[in-house]
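Trainee: Here it is, the structure, as structure tokens.
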């Protein structure tokens, strides 16, 4: 059985953030640095002696490039690949294959996660999803609106026509119909609200937006919840709809506060409002020199893993009794400012990130 190639030769490779594996002439792993162990989610002991073709389900092209490297057809070659693994997410990676002057270990492969491509793909999915959501919401709301009015009107007429002796007995049922019709009408109005209300543009100071949201959350949750400010006061004003942005940030912060109910009871719930300036940001395939980078972070239980990919879909909620519209509307409002909302969540930390271009 092979052992790890003498560590004194490759000690420095463990300091790299990119994954590095070194292969022998038969394409077996002879060395893997710490980043490779993290990327493959296996220790070197498990990776040792595995053949390159066994590491991925679709590694044929990489194996061909390995063969060229063994034959010294190039010094190094770079390529972007999507490498599939059994039971795991595919890896979007930038691969550098280097031919070494060592017959025992002739090839070094470096794999760097292609973060830029991953981000572009994620943003494109979010934009496509948002557009589909808008069409679905508009069509669904209009389809519901007309028959809903008829149902409510019919219930009122029925109540009016009931004989006096039956009115007390049956009025309870007609009132249920009327109240539920009103509740659905309110829901439909909320679905259509972003498309009806004009976009009122003015100068926006994001810290005024955050302070307004903070005051509203503190008023509703006065005990057990700390709202921490972490502001970069150099963030410039920008043109936008202040009320829409207040609603977007409030929807996210209010969801966070509701998710923190158990920690509020214990007195250690925390929401952080953090502002920064991001530089050289690509949003919807457009490059911006500067962008607002606003984070709403909470120390709650995290978003359930089964809905993390769908939290911006309409009517999807991780909370019993939730309407599932808050994040959908927030995403719509932010996208009307040419921005995007991203989310990373794990137990103990959920981070919603709003990016909006700055002048």
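The values are calculated or read from the model by the stated rules, or taken from the named source; none is laboratory data. The structure presented is a predicted model; accordingly, all values stated were derived computationally and were not measured. Cβ atoms come from the backbone with ideal geometry, glycine included; neighbour counts cover every protein chain shown.
Trainee: Condition check: crowded, with 16+ Cβ neighbours inside 10 Å and in contact with a strand residue (DSSP E or B) (Cβ under 8 Å, 6 or more places away or on another chain). Does residue 253 satisfy that? Explain how you work it out, then say what you get.
Mentor: Details: crowded, with 16+ Cβ neighbours inside 10 Å: yes; in contact with a strand residue (DSSP E or B) (Cβ under 8 Å, 6 or more places away or on another chain): yes.
When the stated conditions are applied, residue 253 passes them.
For (1) outside any helix (DSSP H, G or I); (2) at pLDDT 75 or above; (3) out of contact with any helix residue (DSSP H, G or I) (no Cβ under 9 Å at 6 or more places or on another chain), each residue gets a yes or a no:
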residue	(1), (2), (3)
165	no, no, yes
168	no, no, yes
174	no, yes, no
177	no, yes, no
183	no, yes, yes
187	no, no, no
190	no, no, no
195	no, no, no
199	yes, no, no
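Trainee: Here's something else I'd like to know. I need the full set of residues from region 50-72 which are assigned to a loop (DSSP other than H, G, I, E, B) and in contact (Cβ under 8 Å) with a residue 24 or more places away in the chain, in order please. Write out each step before concluding.
Mentor: First, pick out the residues of region 50-72 that are assigned to a loop (DSSP other than H, G, I, E, B): 50, 56-59, 71-72.
If the condition is that a residue be assigned to a loop (DSSP other than H, G, I, E, B) and in contact (Cβ under 8 Å) with a residue 24 or more places away in the chain, then 56, 57, 58, 59, 72 are the ones that fit.
Trainee: Hey, can you tell me all the residues within region 212-248 that are in a helix (DSSP H, G or I), under 16 Å from residue 270 (Cα atoms) and touching a strand residue (DSSP E or B) at 6+ places or on another chain (Cβ under 8 Å)? Before the answer, list the steps.
Mentor: We begin by selecting, within region 212-248, every residue in a helix (DSSP H, G or I); these are 212-220, 242-248.
Among the residues that remain, those that are also under 16 Å from residue 270 (Cα atoms) are: 213-220.
Residues satisfying the conditions are 213, 214, 217, 218.
Trainee: Taking region 18-47 as the region of interest, how many residues are at pLDDT below 90 and farther than 20 Å from residue 86 by Cα?
Mentor: 2
For every residue, the table says whether it meets (1) more than 24 Å from residue 285 (Cβ to Cβ); (2) modelled with pLDDT of 75 or more; (3) in a loop (DSSP other than H, G, I, E, B).
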| residue | (1), (2), (3) |
| --- | --- |
| 303 | yes, yes, yes |
| 313 | no, no, yes |
| 316 | yes, no, yes |
| 321 | yes, no, yes |
| 324 | yes, no, yes |
| 330 | no, yes, no |
| 338 | no, yes, yes |
| 341 | no, yes, no |
| 350 | yes, yes, no |
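Trainee: Given the structure, is residue 258 surrounded by fewer than 12 Cβ atoms within 10 Å (Cβ to Cβ) and within 21 Å of residue 344 (Cβ to Cβ)? Before the answer, list the steps.
Mentor: Working: surrounded by fewer than 12 Cβ atoms within 10 Å (Cβ to Cβ): no; within 21 Å of residue 344 (Cβ to Cβ): yes.
So residue 258 does not fit the description; no.
Trainee: While we're on this one: Take the residues in region 19-49 that are buried (at least 17 other Cβ atoms within 10 Å of the Cβ) and assigned to a loop (DSSP other than H, G, I, E, B); name whichever of them is nearest to the chain's Cα centre (by Cα).
Mentor: 33
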